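The structure under discussion appears below in the form of structure tokens.
The values are calculated or read from the model by the stated rules, or taken from the named source; none is laboratory data. None of the values given here were measured: they were computed from a predicted structure. Glycine gets a Cβ as well: all are built from the backbone with ideal geometry, and neighbour counts include every protein chain shown. In case anyone asks, the SASA skips ligands and DNA or RNA and just uses the protein heavy atoms, side chains included. Shrake-Rupley method; radii C 1.70, N 1.55, O 1.52, S 1.80 Å.
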Amino acid sequence: MILDQTLAGKVAKFTGLGICLLITVFPLYWILVTSFKDPGSIFAYPLKYWPTDFSLDNYTGLFEQSNFGVFIGNSLIVSLVAAALATVVSLLAAYVLARFEFVSKGAVMGAFLVTQMIPGFIALGSLYILMTRLYLVDSRAGLVLVYVAVSIPLCTVMLRGFFENVPASLEEAAMVDGCSRLSALFRVLVPVMTPGIAASFIFNFVNCWNELFLSVTLLNSDSNKTVPAALNGFISSYNIDWGSMSAAAVLSIIPTMILFAVASRYIVQGLTAGAVKE
């Protein structure tokens, strides 16, 4: 009887996991399959879950009829620069919050956390007015500035957890040997925290790469658009170009997949290092 209950529990567990996996993977599979379908067969009935004739028309048309290569380049530039700047600024802010005691330290941390509870699109109107007065609308530099400001609070909270997991005796020993506090930070602590810093950088990069509302609001010209804004452009009032959109979605996933594949070891180490405070 106990064996039957254990077997039934395992069957139920793996069945549930299988259903969750199917729900998660099937949309990605359908986007991939749709991108390789001939444009004329996308709406064919009955549905074909595996195309008989693979076609690259959606991919060739994507680059021939739009500046998708420019969009990818813009996304790479904006995401890399914004993620790097946000990580550096957050590193310094997190170090101060982890190592020093000062008035309103709790209020600063609370403010950082509260900003994560407020939907970003609420501030789009006032943000657009501000960026217009700074002459930074339709500018990649302006979008980078906004992304850095948006990424700093959560990144600072993450890195503060990593700093608190590193013994203060490391930097104290370095300062005894003649290092300044800033030199001890970059020569001693940063190498030790490489996994955590890498995890924070990747988190910032993926958020900037996938962000839609700010890029659509602040960028107008095709020469400055990012990939999410370009994907949004395939949706018109009367039509959706599913073939080109699917091809663009597949291509937009590749950079993040490569990044996670290359840095997966750092991500796991970084997340586990900041999870427990000793």
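Quick one: accessible area per residue over the chain, 1.4 Å probe, rounded to a whole number of Å²?
Ligands and nucleic acids excluded, the result is 58 Å² per residue.
In deg cm²/dmol and to the nearest 500, what is the mean residue ellipticity at 222 nm of the chain if only DSSP H runs of at least 4 residues count, each as -39500 (n - 2.57), divided by the residue total?
Per the formula, -23000 deg cm²/dmol.
Kirkwood Rh, Cα Rg: Rg to Rh for the stretch 87-201?
My calculation puts Rg/Rh at 1.07.
Could you tell me the calculated FRET efficiency between residue 179 and residue 45, based on Cβ-Cβ distance and R0 = 51 angstrom, to the nearest 0.05?
Calculated transfer efficiency: 0.10.
What do the square roots of 5 times the Cα gyration tensor eigenvalues come to for the stretch 1-115, in whole Å, largest first, as semi-axes of the equivalent ellipsoid?
Here the semi-axes work out to 44, 35, 10 Å.
Can you give me the distance in nm between label points at residue 117 and residue 190, each placed 7 Å from the Cα along the Cα-to-Cβ direction?
Distance between label points: 3.5 nm.
Any idea what the dipole of the stretch 27-110 comes to, in debye rounded to 20, about its Cα centre with Lys/Arg Cβ at +1 and Asp/Glu Cβ at -1?
400 debye
So how much accessible area does residue 213 have, in Å² to the nearest 10, using a 1.4 Å probe?
120 Å²
Rounded, prolate or oblate, given the Cα gyration tensor of the chain, with a/c below 1.5 counting as rounded?
oblate
Does anyone have the angle between helix 124-133 and the longest principal axis of the chain? Alpha-carbon axes, 0 to 90°, nearest 10?
Between helix and principal axis, roughly 70 degrees.
Using a simple spin-label model with points 7 Å from Cα along the Cα→Cβ vector, what separation in nm is obtained for residue 20 and residue 55?
Taking the simple label geometry, residue 20 and residue 55 are separated by 3.9 nm.
Between helix 140-164 and the chain, what is the angle of the helix's C-alpha long axis to the longest principal axis, kept within 0 to 90° and rounded to the nearest 10?
50 degrees
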